[in-house]
Amino acid sequence: MGSTGSIGRQTLDVVRLHPDRFEVALLTARSSSELLIKQALEFKPDDVVICDPSKWEEVRRALSGTTTEVHAGMDSVCGLVTGDVDIVLSALVGFSGLRPTLAAIGAGKTIALANKETLVAAGSIVMDRAEKAGVRIRPVDSEHSAIWQCLEGAAGNPVEKIHLTASGGPFRTWPRERIAAATKDMALKHPNWSMGAKITIDSATMMNKGFELIEAKWLFETPAAKIHVVVHPESIIHSMVEFRDGSVIAQLGCPDMREPIQLALTYPERLYLNNKKLDFAALGSLSFQEPDLERFPCLGLAFDAIGRGGNVPAALNAANEAAVAAYLEDRIGFYDISGIVSDCIDGVDFVAEPSPEDIFTTNDVVLRRADELIRRWLHS
Ligand code: MG
């Protein structure tokens, strides 16, 4: 799901590298019809979905001589992921990933999860349904893949701490005034990782790390208080797990998303990957810093949302989604993102144990509230 985005394209790179191991059953895209057509011609899936219905005719015509069936709309995605597939890689952007991921879980499919917003907005529901359906959720997010790999060495011992590493993003060393004036082009230049626009802005604000903390809490059933964020600008250590004897297990590698993607698809087997390998002598040293909540208030807002629990993380996610979209359209400034998120999570009607309906309602209400704030910001 989400084959034309950054994770989707890198997933197909992995498939291309091991054609004997994978068969693509389904590809879905939001609106990038041209790339979806190219991918369908190369990988010959049984079905493709273009979510934007206005692009359906174009895709259908281009694939008319093939065995691939062409569908439109998110309902088709939710239906087709329950079909004849072994594993569903969920790489949709934002809240839109929740419905189809729940559908795939309901049908008992193994999930390779790149769409962290699903767990941020509805972690308790997703994990509960996965447990009931006996479904494994394999992390694709590099930090969570690292933690997952480190836990292989835990041998059933309790985890004392998770050290979640953060690159610090493009503004790690910038003073606050300079960050405040940063344009989206500056924010979109991530120093280490090549990713989609939304997550790259989330990395620049460090909201991404807050989301990842929530994601880790759910995936590894670890209280947020035991998860520590540490800035590690080189992005070589992808995260670490500490035990009560003080021993720390880390997972390392050159930053390349294809590595966690491939492992999520082939676990526990490790296949060859044509990526850059580590040269420790060339690296010389690795460095670590405390995150700065003053310059990166989104991280503090995420901590706050986790502490309050219930539907507050869903509100955090919705407000951030609206604010980042507005920032990407040059409608608001960098620190307006945290301003809007802060206002929205403070104003949310609290639900301690949200149902799926509560999560969808929170999402809608907060998106509207954030849009109102964005409009007001523009006229002030
Ligand atoms: Mg990550």
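The values are calculated or read from the model by the stated rules, or taken from the named source; none is laboratory data. A quick note: this is a predicted structure, and the numbers were derived from the prediction, not measured. Glycine gets a Cβ as well: all are built from the backbone with ideal geometry, and neighbour counts include every protein chain shown. Remember, those area values only see protein heavy atoms, side chains included, never the ligands or the DNA or RNA. Shrake-Rupley method; radii C 1.70, N 1.55, O 1.52, S 1.80 Å.
Here are some notes:
- Å² of accessible area per residue within the chain, as computed with a 1.4 Å probe and no ligands counted: 44
- When +1 charges are put on Lys and Arg Cβ atoms and -1 charges on Asp and Glu Cβ atoms, the dipole computed for the chain relative to its Cα centre reaches about 540 debye.
- With the highest mean first, a sort of the peptides 298-304, 111-117, 73-79 on other beta-carbon atoms found within 10 angstrom per residue produces 111-117, 298-304, 73-79.
- Built amide H within the under 5 Å cut-off of residue 138, gap 5+: 111, 112, 113
- FRET efficiency estimate (nearest 0.05) - Cβ-Cβ, residue 343 to residue 20, R0 56 angstrom: 0.60
- Measuring between their Cα centroids, the range 117-193 and the range 64-78 lie 32 Å from each other.
- Antiparallel bridges, percent of DSSP beta bridges restricted to the chain (to nearest 5): 30
- Each of the peptides 150-156, 4-10, 59-65, 49-55 was scored by the mean count of other Cβ atoms within 10 Å over its residues; in descending order, highest first, they stand as 4-10, 49-55, 59-65, 150-156.
- Local charge for residue 260 was computed over the other residues whose Cβ lies under 11 Å away, with Lys and Arg +1 and Asp and Glu -1, and equals -2.
- Were the residues from residue 82 through residue 221 laid out at 0.36 nm apart, the gain over their Cα-Cα distance would be 47.4 nm.
- Accessible carbon and sulfur surface of the range 6-139 relative to its total accessible area, %, 1.4 Å: 47
- Listed peptides 256-265, 312-321 by packing density, highest first (mean Cβ within 10 Å): 312-321, 256-265
- Within straight-line reach of residue 109, meaning a Cα separation under 19 Å, sit the following lysines at least 8 residues removed in sequence or on another chain: 132.
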